[in-house]
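Each remark here refers to the structure printed beneath this line.
The values are calculated or read from the model by the stated rules, or taken from the named source; none is laboratory data. Because the structure is a prediction, the values reported are computed rather than measured. We place every Cβ from the backbone using ideal geometry, glycine too, and count neighbours over all the protein chains shown. The area values use the complete protein model at the heavy-atom level, side chains included, leaving out ligands, DNA and RNA. Shrake-Rupley method; radii C 1.70, N 1.55, O 1.52, S 1.80 Å.
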Amino acid sequence: MIPGLRTLKNLLETALAPVGSTMYIYGGGWNDADDGAGKDAVTIGVPLQWRDFFLTQGPDYDFHHHHDRRDGLDCSGYVGWVLYNVFRRESGGEGYVLPSAEMAKTFAAYGWGTYLPAKEVQDYRPGDLMSSKQRHVYIVLGACADGSILLLHASPPGVMLSGTVTPSGEPQSNAVSLAEYYLKTYYPAWYEKFPACGRDLSYLNEYDQLRWDLGGVLKDPEGYRLLPPPLLLADLFKNKKYSLGKPDNSCDKRPYFW
């Protein structure tokens, strides 16, 4: 991640930075008044406090318990932090944390891209921002050949890579297989505690979409928007060190479907 570099690749690299080491905290990323970005969501870089809190938690983690909101992120706090680190170079400026249901439509109104309500969404491309009226938001990594979606989001138990079911409801989808492989291989400490990474059919039919204008607020010199998930992930992870653990050598071959 490179603060202030407004490219689609940097957006996705930044979105990956807290994956596997940041817990879901209700209100995480928001200020105490719950009307905008808190200090962490306008901070350049990944606060060490998020990782330290993750290391104290086990498989029985329950986000319903009272936790310091600075120990992690919720879904809109996560997206707000990602955008801040892509658009800004210094901490402490105006943030981008909004209610999750409003993010796609509001950012489109800023002139950042094209907005589609859920009933009109026909496809998914890397970087698409998806907002649900059920109060969730996620970032698309890509669509697989079986119609499942690979995505990044903050959802209990934390900031993670997930895959949806197929449009017919098949749970062991291509996207789920990819998510499992990358979590197990690159985030073994997380995967040992929280191996579940599948998401239900609502992620495919209940979310409004923002598609970035790549000639405006973001650029795409690497052509990421057109990459299928396996090639995109291979590029994103080619120089990535293993997070909080050693690699799982049993995973010696990436899934190559998309």
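Figures for the structure shown
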quantity: Any hit, the stretch 25-34, residues being out of contact with any helix residue (DSSP H, G or I) (no Cβ under 9 Å at 6 or more places or on another chain) and open to solvent by 30 Å² or more (accessible area, probe 1.4 Å); calculated: yes
quantity: Residue list for the stretch 108-157, restricted to those being part of a strand (DSSP E or B) and free of Cβ contacts under 8 Å to residues at least 24 places away in the same chain; calculated: Val140
quantity: Residue in the stretch 107-124 that is at pLDDT 95 or above, surrounded by fewer than 20 Cβ atoms within 10 Å (Cβ to Cβ) and under 25 Å from Leu55 (Cβ atoms) present; calculated: no
quantity: Members of the stretch 81-90 found to be farther than 25 Å from Lys133 by Cα and either open to solvent by 40 Å² or more (accessible area, probe 1.4 Å) or touching a helix residue (DSSP H, G or I) at 6+ places or on another chain (Cβ under 9 Å) (or both), listed by number; calculated: Asn85, Val86, Arg88, Arg89, Glu90
quantity: Subset of the stretch 194-203 [surrounded by fewer than 19 Cβ atoms within 10 Å (Cβ to Cβ) and either under 10 Å from Ser148 (Cβ atoms) or in contact with a helix residue (DSSP H, G or I) (Cβ under 9 Å, 6 or more places away or on another chain) (or both)]; calculated: Pro195, Gly198
quantity: Of all residues in the stretch 161-190 being of a type outside the set (D, E, K, R) and over 19 Å from Leu141 (Cα atoms), the one that is surrounded by the most Cβ atoms within 10 Å (Cβ to Cβ); calculated: Trp190
quantity: Search result, residues across the stretch 65-80 that are closer than 25 Å to Met130 by Cβ and either at pLDDT 95 or above or surrounded by fewer than 20 Cβ atoms within 10 Å (Cβ to Cβ) (or both); calculated: Gly72, Leu73, Asp74, Cys75, Ser76, Gly77, Tyr78, Val79, Gly80
